[in-house]
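Single-structure report; data block below.
Every number here is computed from the coordinates shown, using simple stated rules; none is lab data. Not measured: the values here are computed from a predicted model. A quick note on method: Cβ atoms are made from the backbone with ideal geometry, for glycine too, and the neighbour counts reach across all protein chains shown.
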Amino acid sequence: MSELWIHISKIYEKNWRRIILRRCAAWVTEWSGKIRRNLPVKIFCFTCLLLLAVCIVTYGLIAWMMPVTYQADRNRVLSEQAESLIQELSKTTLSACGPLLEKFASDYDAQVSILDETGQPVAGTKDLAQTEEEEGRVTFSQIQTEEGMTLQTNESIHITQTVATPFSFQGSQDVYQLMVVGRIRGVNQAMEALGKLWPWLLASVVSVSILGSFFYARYVTRLSRAMGELQGANEALRRDMEREREMERQRMEFFAAASHELKTPITIVKGQLGGMLDGVGVYADRERYLARSLQVMGSMERLVGELLTLSRMEGEKVRRGIKPLNLTDLLTACVEEYTDLFAQKEQTLHVSLAPDLRVPGEWNLLSKAVCNLLTNGAMYSPDGAELFLSAREEGEQIYFSLENTGVHLSEERIPHLFEAFYRGEGSRNRQTGGSGLGLYLVKRILEYHCGEIRIRNTAAGVCVEVWLPRTNSTETTTSC
């Protein structure tokens, strides 16, 4: 039983480890993804790691270079001062050199010994037992004082040895050698102190890195956000300029076409009036051509009225005349106004309107748009055709459509139907076509009312679809 329990415990332990590893991996993946997607966090982590690396490398170089630099400088100083000491010793005797050696040892923290020709010390501050020598550095594990006491050290003391050139005391022909040994125990103590302080140094490095990274990330993020906003503003300005240039181009094309459309009836009326005044040919029948001139002037008056309507909508920055209106009543009034037109062509208009459909709009403009659609429907449908007008709610919009039967449009012409002075029947005859501003004016009026319009072919004919925003009885809208 105990073996079974141990086996089950091992299985649970393995499963628990797998669960922990999976959760840790998922947590790491999730946070790494967040860091990659978050610019401030990414900058913070990168800057913090960079500062930590720089500080660690800096303190590592200090810990590594300080003994080397100190030792090199120590060698140079001891070499120079040893030369000076030899010059002073050459002016004194062996018995009187003790104070000079003690002063030198005290000033430069060194042991000084004078060796005879056999290599035995004859004077000095201490006797040292040498155990190792490498590249100008010697290590002594045993120090013997002048009194003959030998001191054992637990660890080797690294020293710098300077062996001077042979010299002689004053009044003596014997040749001696000066050995100067400089200790570097001080720098070792500094390294020990630095080793004790490393936790505090590490804590300060981490703290400074985190704080510096935090403020740097905030500054860079703020700068990046400002640059992004500036780029966004520049892009918006560029789009506005392009849109303004396009509008200016369209405006110039529109006025060029309008000038042409106005010039044609003026030329006709001018020719008719001149002929009637001169009594030339057929123009002698003034009654007939006065009526034709009046008809042409009526067409020109309607064209000028449409141009004025477009100009007014272009000039208004705020839609001042917009207020809630009953679209059902407006459509009903327009249908009653054009009943005679449909009767003349023996056409049947089927009307299906939902009650109390309210939209924000200007009555006169929307009436003109609806009347233009009804006129086009009657004009471009054959005699005896059926037309269907319907209106209903669709969510937050009001939808109404006018479908006429017995006629279809080529798919190539449909995109151009809303262009100014474009005639769908393809001629320039005002008897078979209008001014060419009808659908263009309808589209501009609907855009003025935040609406949309679309024309498409159906199985029975052509359908015009319109969407307008829905409103309540008290809401007033001045902008889309």
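For the range 202-306, what is the per residue volume of the convex hull drawn over the alpha-carbon atoms, in cubic angstrom? Could the numbers behind the result be given before it?
Numbers: hull volume 9.0 nm³, N = 105.
Output value, Cα hull per residue: 86 Å³.
On full extension of the chain, what length is gained from Val54 through Arg302, given 0.36 nm per residue of separation minus the C-alpha to C-alpha distance?
Values: separation 248, 0.36 × 248 = 89.28 nm, distance 8.15 nm.
Computed gain between Val54 and Arg302 is 81.1 nm.
When ranked by the protection proxy of mean other Cβ atoms within 10 Å per residue, highest first, what sequence do the peptides 437-448, 382-393, 196-207 form?
On the way: 437-448: 21.5, 382-393: 16.1, 196-207: 11.8.
By packing density, highest mean first, the sequence is 437-448, 382-393, 196-207.
Please compute the modelled spin-label separation between Ile20 and Ser311, points set 7 Å along Cα→Cβ, answer in nm with one decimal.
In this crude spin-label approximation the distance works out to 8.5 nm.
Using a/c under 1.5 as the rounded threshold, could you call the range 277-386 rounded, prolate or oblate? The axes a ≥ b ≥ c are square roots of the C-alpha gyration tensor eigenvalues, and prolate needs a/b larger than b/c, oblate otherwise. Spell out each step's value before the answer.
On the way: a/c = 3.82, a/b = 1.48, b/c = 2.57.
Oblate is the answer for the range 277-386, as a/c is 1.5 or above yet b/c matches or exceeds a/b.
Report, in debye and to the nearest 20, how large the dipole of the range 319-469 comes out about its Cα centre when Lys and Arg carry +1 and Asp and Glu carry -1 on their Cβ. Mind dumping the intermediate values first?
Values: 15 positive and 20 negative charges, 125 e Å.
The calculation lands at about 600 debye.
Of the peptides 113-125, 358-370, how do they stack up when ordered by the mean number of other Cβ atoms within 10 Å, highest first?
On the way: 113-125: 14.8, 358-370: 20.5.
Final packing ranking: 358-370, 113-125.
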